[in-house]
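Here's the structure, in structure tokens; my notes come after.
Just so it is clear, none of the values below were taken in a lab; they were calculated from the coordinates. Not measured: the values here are computed from a predicted model. Every residue, glycine among them, receives a Cβ derived from its backbone with ideal geometry; neighbour counts consider all protein chains shown.
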Amino acid sequence: MDKIRTSLIFQCLIFLIPLNFYMWGDWFLINVQWALFRFQQSSLGDSLIRSDKDILYIYLGQNTGIFNIAAAGLWTIGAIILLLGLIITVYVNYTGDGFNLIKKASLFTIAGGILFGLSAACRFQGGFAIPVGVPIILIIGWWLYRENSYDEGDETEPGTDAGEVSES
């Protein structure tokens with residue numbers, strides 16, 4: 001399996017792993033968050049909340065407080081950045097060129113992971129947050145960056161110059 005296809009598989013797996021587990025109050029509200037949605041369980045019922053819906057709650061005034069606003073904003077921006085990384089990886093997978101783009105997609109993955117971690121830190125107020133998937137995203141981003149940092153066309157050995165002429 002080549003590097004581009006492996007990169008695509010890992011970029012898709014990011015959207016399947018749960019990123020954060022939250023608890024507010026005395027187990028009043030429990031959340032499990034993925035990259036694009038959050039499952040919320042409380043005494044009032046269960047909900048499935050998309051990241052764009054969370055921003056709408058803030059806009060309508062149903063969700064207030066600086067930490068809630070920061071957490072929702074960072075989560076939404078992180079999701080958009082991860083989607084951009086996925087789109088770049090899909091583009092490179094279908095065109096077959098642009099190894100530098102895979103490297104940029106891995107930077108998007110790392111940035112999205114950092115934003116998800118900051119979002120978990122903002123949601124920590126009033127309970128606890130366990131960022132289970134955030135380190136996995138950072139490791140995947142780092143691995144993709146490292147694996148694609150070498151040029152595929154570079155056939156020279158270390159210590160030799162490609163323009164060097166032999167003295168024979």
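Quick notes
- Taking the number of Cβ atoms within 10 Å of each Cβ as an exposure proxy, the fewest-first ranking of ILE77, ILE9, ILE88 is ILE9, ILE77, ILE88.
- Over the chain, DSSP H runs of length four or greater, each weighted -39,500 (n - 2.57), average out per residue to a 222 nm ellipticity of -18500 deg cm²/dmol.
- Kirkwood hydrodynamic radius of the chain, Cα pairs, Å: 17.7 Å
- When each of the peptides 14-24, 34-44 is scored by the mean number of other C-beta atoms lying within 10 Å of its residues, the order from highest to lowest reads 14-24, 34-44.
- Phi-derived couplings, Karplus 6.51 cos²θ - 1.76 cosθ + 1.60 at θ = phi - 60°, listed residue by residue for segment 104-110: 5, 5, 5, 5, 4, 5, 5 Hz, with x used for Gly and Pro.
- Fully extending the segment from LEU84 to LEU29, taken as 0.36 nm per residue of separation minus the present Cα-Cα distance, adds 16.7 nm.
- Between TYR91 and ILE130, the modelled label-to-label distance comes to 3.9 nm, taking each label 7 Å out from Cα in the direction of the beta carbon.
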